[in-house]
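Each value in this text was obtained by applying a stated rule to the coordinates, not by laboratory testing. Treat the numbers as computed from the prediction; the structure is a model and nothing was measured. Here the Cβ positions follow ideal geometry from the backbone for every residue, glycine too, while neighbour counts run over all protein chains shown.
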Amino acid sequence: MTGTEPTMTDKWTIDVSLRHEQYRVRAEALLRLEDGGEFVGVGLAEAGLRESSNSQIGSYLAVTRALSDLTAELLETVASDVARSIEVDGVLAGQSAN
């Protein structure tokens, strides 16, 4: 590479929202793709008392779980897309060999 090749840039955005309840925190991680596609991950955690010095722990854990769930959604989609691609390529390769 000489550094003069054109590059492509995609922008994906992740929005994380938290809903605090008395004893639980729910986090939602929403990934928005440039093409309009979306993936959502959800995470739940028990929440400590809001006045406690550890009040953020439940939020951190819920967000971590939401991002992990989002990762699983993406991996599932990739695996499905790869399998579909192999099936299509295999069918096309088999037809062209005849």
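What to note about this one:
- Between residue 7 and residue 81, the FRET efficiency from the beta-carbon distance, with R0 = 22 Å, is close to 0.45.
- Spin-label model distance (nm) - residue 64 vs residue 18, 7 Å beyond Cα toward Cβ: 1.4
- The Cβ shell under 12 Å around residue 61 holds other residues with a net charge of +2, Lys and Arg each +1, Asp and Glu each -1.
- Sorted peptide list for 4-11, 79-86, criterion being average Cβ within 10 angstrom, highest first: 79-86, 4-11
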